[in-house]
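Take a look at the structure below.
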Amino acid sequence: MFDALVPIKAAAMGAAAGAAAGAAAGAGGAGVAKFSVEPEQAQKMIDGLKQALEELMSLRRTSEGISRAGAPGPDPYSGIATLAMRRTAGAEPGGYLWANQEAQKALEQTIKNIEKALSEYQATDDAAKSAMKG
């Protein structure tokens, strides 16, 4: 078993980090969450995180379409509703596109951290095996 780290930003990253690290991410503010992974399960976890990243990229394209949507009618209420919808789907802090980008960054960093930790674990394990032979 080895430890991997997950970056966590206050509020903005809570959901992304939670998705990446499961319950191990905890309910804290900004910082780094640490969790343990069985080496045999690490690649499954990496594959799952990459799949989640692909899904976020697909959802981002949908959000971009919503951000460009026009008003369904000429009345002022349709225009106001469209502006609110664009803001909610948009890239400004708090908008879906912004949250999606932050989640993608968190998943990418989590994948890198797990891959690095797995590599270090395997190198240590190989060194220990070599030392036992010699």
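The values are calculated or read from the model by the stated rules, or taken from the named source; none is laboratory data. The structure displayed is predicted, hence computed values, not measured ones. A quick note on method: Cβ atoms are made from the backbone with ideal geometry, for glycine too, and the neighbour counts reach across all protein chains shown.
Apart from one condition, Ser78 fits all of (1) at pLDDT 90 or above; (2) closer than 30 Å to Val32 by Cα; the exception is (2). Close Cβ contacts (under 7 Å, 6 or more residues apart or on different chains) running from residues in the range 110-128 that are in contact (Cβ under 8 Å) with a residue 40 or more places away in the chain to residues that are of a type in the set (D, E, K, R) and part of a helix (DSSP H, G or I) comprise Ile111/Lys50.
The residues listed here are Met57, Met132; of these, the one that is among the aliphatic types (A, V, I, L, M) and within 26 Å of Met45 (Cβ to Cβ) is Met57.
Is it the case that the range 56-71 has a residue that's aliphatic (A, V, I, L, M), under 15 Å from Gln101 (Cα atoms), at pLDDT 90 or above and surrounded by 13 or more Cβ atoms within 10 Å (Cβ to Cβ)? Full working, then the answer.
Narrowing the range 56-71 to residues aliphatic (A, V, I, L, M): 56-57, 59, 66, 69, 71.
Right, trim to under 15 Å from Gln101 (Cα atoms) and you get 56-57, 59.
Subset that is at pLDDT 90 or above: 56-57, 59.
From the residues that got through so far, the ones that are surrounded by 13 or more Cβ atoms within 10 Å (Cβ to Cβ) too are 56, 59.
Yes; the residues of the range 56-71 include at least one that is aliphatic (A, V, I, L, M), under 15 Å from Gln101 (Cα atoms), at pLDDT 90 or above and surrounded by 13 or more Cβ atoms within 10 Å (Cβ to Cβ).
Set side by side, the residues Thr124, Thr110 differ, and just one is closer than 26 Å to Gln41 by Cβ and within 16 Å of the chain's Cα centre (by Cα), which is Thr110.
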